[in-house]
Amino acid sequence: DDGQCHNPPATPACGGTVFQLTPAGKLTVLHTFAWGSVTAPYADGVMPNGGLVEGPDGYLYGSTTSGGAGLGSNQTPGHGTGVIFRISKTGTFQNLHTFCSGSTCTEGLTPSPLVLGLDGKFYGATLTSFEPGSKGTIFRISASGVLETLHKFAGIPDGGAPLGGLIQASDCNFYGTASGGGPT
C-alpha cells in the first residue's frame, strides 16, 4: 500500500500496476503507476499497455499509453505521451524512455506493447504523432533506452494509426497492422 491512490478526487487515482502471480495464485504488486506530485503527476507513466516481455537480461519490459515527465497533448507537465520501462522481478523500476511532445517531436506518442526482436532490441509502434503529416511510427529501443524511429506512417499509401503490437515472423521481418489509411 503506497498511500497515494485511495480517495479520488482528494488523492488522484492510480494508473495501473505491474504484478507477479505464482502458479498457486499468490499475487504480489511489484510497482504501482501512482500520482507523484503536481509538477510530475505520473512520471513513471500511467495506463500500462498490454503485457510485459522478458529481455535477454532477465528484466521485464513494457510501455504505458501516457504519462511520463513530458508534456501531454493538453500541454500539462507530467501528463506525457507514454513511457517505455523495465522492471526487475523483485520490483526495481526504471523509466527507460519518455516520449516527447510538441510540433517538433518526431518520435510519436502512445506506444504499443513491445516485442523482443531476434537482435535483442525491443520493437513497437506509436498510435500517432505531433509531427505534421505523421500518422504514427514504428520504433526500436535498446535495453539501455536508446530509441530509434524506423518508419513514419503517412496515412496514404502506407496506412496510419497502428493500434497493436508487432510480431517478428520466421522470415525475420516484422509484421503489424494500421487501423487507418491505405493506398487511396
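Output the peptides 165-172, 107-114, 90-97, 138-145 sorted from most to least packed, where packing is the average of other Cβ atoms within 10 Å over each peptide's residues.
Details: 165-172: 12.4, 107-114: 25.0, 90-97: 14.5, 138-145: 16.9.
Top to bottom by mean Cβ count within 10 Å: 107-114, 138-145, 90-97, 165-172.
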Practice task
Determine, at each q value in 0.20 (inverse angstroms), the log₁₀ of I(q)/I(0) that the Debye formula gives when each Cα of the chain is one equal point scatterer.
Solution key: -1.35
Practice task
Considering only DSSP beta bridges where both residues belong to the chain, give the percentage that are antiparallel (nearest 5).
Solution key: 95 percent
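Could you give the accessible area per residue of the chain, probe 1.4 Å, as a whole number in Å²?
Details: 9130 Å² over 184 residues.
I get 50 Å² per residue for the chain.
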Problem - Three semi-axes of the equivalent ellipsoid, segment 121-184, Cα gyration tensor, whole Å, largest first - result: 20, 15, 8
Fill in the blank from the handout: So the carbon and sulfur contribution to the accessible area of the chain, 1.4 Å probe, in percent, is 58 percent
Fill in the blank from the handout: For segment 35-184 the mean separation of alpha carbon contacts under 8 Å (6+ apart) over residue count, i.e. relative contact order in percent, is 15 percent
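The values are calculated or read from the model by the stated rules, or taken from the named source; none is laboratory data. Note that the structure is predicted; figures quoted are calculated from it, not measured. Using ideal geometry, Cβ is built from the backbone for each residue, glycine included, and neighbour counts are taken over all protein chains shown. To get the accessible areas, we keep the full protein, side chains included, count just its heavy atoms, and leave off ligands, DNA and RNA. Shrake-Rupley method; radii C 1.70, N 1.55, O 1.52, S 1.80 Å.
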